[in-house]
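Structure first, commentary second.
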Amino acid sequence: MKGICVKCKEWRKEQYWNAFPDNKHSFFKIMIDDYRKYLRIPRKFKADFKGKLSENVILRGPSGNCWITTLAKRREDFVLQNGWQNFVKDHNLNEGDLLVFHYVEDSLFEVMIFDATACEREDCHFVEPNVEGCCSQRHDILKRNKSPAPVDQQQLKRGRKKRINKKESLKEKEDESDNIKGSQQDNSGTDSETREGKNDSTSRYSTYYKSNRRTITKKDMERAFLLASKYTTKRPSCKIRMKPSHVHHLFILTVPREFADNCLPMKPQNIRLRVGSNTWKVKLNRRNAQCTLNGGWAKFVLDNNLETEDICVLELAHTGTGQELTTLDVHIFRAVEEVVPLEVVKPFQPQ
C-alpha cells in the first residue's frame, strides 16, 4: 500500500463496493455498551454497501440455525433490534465478545463469534434457538413426565453401556470411511423404495448432486424456519438446517451435541429414522465429542428429497432396548414445497 495515491485509493474503494459481489462484504462488532438491546450496523457499511437490506434481517449462527431480526432506524444509525435480543440470549454473548458478520444473500448474514481469547467460541456451534440452559427441554420433560413416549432412564443407561464386539467396531470404521468417499451403503432395513442412479459404484471419486428446484429466496428460508420453530413436542428434539455436506455430497449429518449426549447411544451403532410409517436404518458414529449419522443417511436424504435450507426436526421416539433400535421421528420442513429430484453431477476425473 506504500506510495498509493489518493486517486488510486478511491478507485480501489469504488471497485470493492461496486464491482465485487455482495457476498464479499463483511463487518465486525465488539459487544459493548447496550449490545444486549440492539446492534448498530457500522455507518460505513450501511452507506457503501450496495445490496439492499430488507426489514427482516436473518442471522445464521455457527450452529447453522437462524434468528430473524428487525432492521430499524435509530437516530443517525441503522440497528438490529427485535429478535436481536434472542440471538444475544441464546448465544450467551458477553461484553468484549467479537462478532464477524459476513453477508451471504437476501438480507442473510453468517455470524462468527470470538471471545476474549481471540479464538472462536466452541459452544456457539451447538446453540438451538429459544432453548434456555443445558438440556432444559429434556429436564423439563422428565419433570413433568407427561410425554406420550416417556424416556426410560434405566433403558438409556443400559443402551449406553451396551458393549460392541471388535468385529462390529471394525465394520463401523470401514462404513464411515466408505461413506466419506461418497458411497451410499447400509441400504437394508428400510420400508422405502430405492431411487435409481444414486451412486456410481465404479468411481473412486465422490458423487455430487445438484439441485433442480427453483431459486430459493429469503422468504423460503424464513418460511421453513418459522414452520420448524412452531413445531412443539413433549419429547426431546433438535432442529438441524440442511447444508450441502448433508444432502449434496459427503452425506454426513452432525447431530447437536446436547441432544446427542442426552438422547442417543454413546457407542457407535445402528439407529432408525422414521418418517410416517417408513423407516431407514442409519449408522450412528461417535468420534471424540462429535456424533454423526452417515451410513444409510444418503439413502434417507434421497428417498425424502432433502435439499439445502430444509429443516429437519429430530424427535426421540424410542431409546432402544434389547433388539429394538433407538428410533428418531423426523419431521421435514421444506424451504420449497415442490419436490424436484436431485441431479447427479459427474465429478471431474483426471486421466
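The values are calculated or read from the model by the stated rules, or taken from the named source; none is laboratory data. Being a predicted model, the structure only gives us computed values, none of them experimental. Don't worry about glycine lacking a Cβ; one is built from the backbone with ideal geometry, like all the others, and counts go over all protein chains shown. Just so you know, the surface numbers come from the protein's heavy atoms only, side chains and all, with ligands and any DNA or RNA stripped out. Shrake-Rupley method; radii C 1.70, N 1.55, O 1.52, S 1.80 Å.
Rundown of residues vs (1) in contact (Cβ under 8 Å) with a residue 40 or more places away in the chain; (2) part of a strand (DSSP E or B); (3) of a type in the set (Phe, Trp, Tyr), yes/no style:
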site: ILE240; (1), (2), (3): yes, yes, no
site: HIS246; (1), (2), (3): yes, no, no
site: HIS249; (1), (2), (3): yes, no, no
site: PHE259; (1), (2), (3): yes, no, yes
site: ASN262; (1), (2), (3): yes, no, no
site: MET266; (1), (2), (3): yes, no, no
site: ASN270; (1), (2), (3): yes, yes, no
site: LEU273; (1), (2), (3): yes, yes, no
site: LYS283; (1), (2), (3): yes, yes, no
Considering (1) open to solvent by 10 Å² or more (accessible area, probe 1.4 Å); (2) touching a helix residue (DSSP H, G or I) at 6+ places or on another chain (Cβ under 8 Å); (3) closer than 14 Å to TYR209 by Cβ, say which one LEU306 fails and leave the rest. (1)
Looking at VAL79, VAL104, which one is closer than 21 Å to MET221 by Cα and of a type outside the set (Lys, Arg)? VAL104
Of the conditions (1) in contact (Cβ under 8 Å) with a residue 60 or more places away in the chain; (2) more than 16 Å from the chain's Cα centre (by Cα); (3) over 17 Å from PHE225 (Cα atoms), the single one that ASP115 does not satisfy is (1)
Per the filter on the stretch 285-303, residues in a helix (DSSP H, G or I) and either touching a strand residue (DSSP E or B) at 6+ places or on another chain (Cβ under 7 Å) or open to solvent by 10 Å² or more (accessible area, probe 1.4 Å) (or both) are TRP297, LYS299, PHE300, ASP303
